[in-house]
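Asker: Handing you a structure now.
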Amino acid sequence: MVRCKSDSRLSSINTKVILTQTDTTVGFVSQNHSKLARIKSRPHTKAFIKIYDSLYSLQTRIPQNKKNLLRRSKKTTFVVKNRAFRIDKNYKNSQILRDLKWHYSTSANEMGKKFNREYCVDKTDIIIEDKNGLNELSASKLLKINSYKIRSLR
């Protein structure tokens, strides 16, 4: 089910903030970095995780010996050269999200607090929800990789 606040709901989808169940937890999703930063009340200099629909869409050079790890990983965020990203082709439960090749993602909550549905509904433009609803689950694993080693950050 998709709920939208505006009348022209799909005219500029890349500027909208979407509340949806991600593969790990409930999240705010958008291609607009500044809107997400404003909602989360965090500095514009702090980066968000970027979610890609495939390894092909990722325009960062990945060490050749780590590409299989990226392709096969589930619920894992990688940091390469201080850029955090995740490849997730499975959770796209809506045509709106399938059309996006990439987007920024962050957990749907106030800074340092737990998921609050009323707060999140008030802050988003579009809500995508399936029959299971929106559930706060565990965060993704966070791995820092380079050509030589893999280090777990979370």
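Asker: Highest GNM mean-square fluctuation, the chain, Cα pairs closer than 10 Å: which of Leu143, Leu97, Leu69?
Answerer: Leu69
Asker: How large is the charge dipole for the range 29-154, taken about the Cα centre, if only the Cβ atoms of Lys, Arg (+1) and Asp, Glu (-1) carry charge, to the nearest 20 debye?
Answerer: On the way: 30 positive and 10 negative charges, 188 e Å.
It comes to approximately 900 debye.
Asker: If you don't mind, there's one more thing I want to ask. Is the range 74-137 rounded, prolate or oblate when judged by the Cα gyration tensor, a ≥ b ≥ c being the square roots of its eigenvalues, rounded requiring a/c under 1.5 and prolate requiring a/b larger than b/c? Each step should come with its number before you reach the end.
Answerer: Details: a/c = 1.84, a/b = 1.24, b/c = 1.48.
Oblate is the answer for the range 74-137, as a/c is 1.5 or above yet b/c matches or exceeds a/b.
Asker: Starting with the highest mean, order 131-140, 47-56 by the number of other Cβ atoms within 10 Å, averaged over the residues of each peptide.
Answerer: Working: 131-140: 12.3, 47-56: 16.9.
Packing proxy ranking, top to bottom: 47-56, 131-140.
Asker: Right, another one. Mind checking the full-extension length gain between Ser73 and Leu153? Use 0.36 nm per residue of separation minus the Cα-Cα distance, one decimal, nm. Can you show the working numbers first?
Answerer: Details: separation 80, 0.36 × 80 = 28.80 nm, distance 1.57 nm.
Between Ser73 and Leu153, full extension yields 27.2 nm more.
Asker: So, one more: Can you give me the Cα centroid spacing of the range 97-152 and the range 19-68 in angstrom?
Answerer: 9 Å
Asker: Percent relative contact order of the chain, based on C-alpha pairs within less than 8 angstrom and at least six residues apart?
Answerer: On the way: 254 pairs, mean separation 56.7, N = 154.
Relative contact order here is 37 percent.
Asker: Follow-up. Mean projection of the alpha-carbon convex hull of the range 2-152 over all orientations, in nm²? Please report the intermediate quantities before stating the final value.
Answerer: On the way: hull surface 36.6 nm².
Reported value for the Cα convex hull: 9.1 nm².
Asker: Residues with amide H under 5 Å of Asn109's amide H, sequence separation 5 or more or different chain, H placed in the peptide plane at 1.01 Å from N; which?
Answerer: Placed amide hydrogens put nothing under 5 Å from Asn109.
Asker: Whole-Hz Karplus ³J(HN,Hα) for the range 104-119, in order, using 6.51 cos²θ - 1.76 cosθ + 1.60 and θ = phi - 60°, x for Gly and Pro?
Answerer: Values, residue by residue: 7, 9, 8, 5, 8, 6, 6, 3, x, 10, 7, 4, 10, 4, 4, 4 Hz.
Asker: Identify all aspartates and glutamates with a Cα-Cα distance to Lys50 below 12 Å; exclude those on the same chain that are fewer than 8 residues away in sequence.
Answerer: Partners found: Asp88.
Asker: At 222 nm, what value in deg cm²/dmol follows for the chain if DSSP H runs of at least 4 each add -39500 (n - 2.57) and the sum is divided by all its residues, to the nearest 500?
Answerer: Numbers: 4 runs with 25 residues, N = 154.
Computed mean residue ellipticity for the chain: -4000 deg cm²/dmol.
Asker: From the backbone phi of the range 132-148, what are the Karplus-calculated ³J(HN,Hα) couplings (6.51 cos²θ - 1.76 cosθ + 1.60, θ = phi - 60°) in whole Hz, Gly and Pro given as x?
Answerer: 7, x, 10, 10, 7, 10, 6, 6, 6, 5, 10, 10, 9, 10, 9, 5, 9
Coordinate-derived values only; no laboratory data. Because the structure is predicted, anything quoted here is derived from the model rather than measured. So basically every Cβ, Gly included, is an ideal-geometry build from the backbone, and we count neighbours across all protein chains shown.
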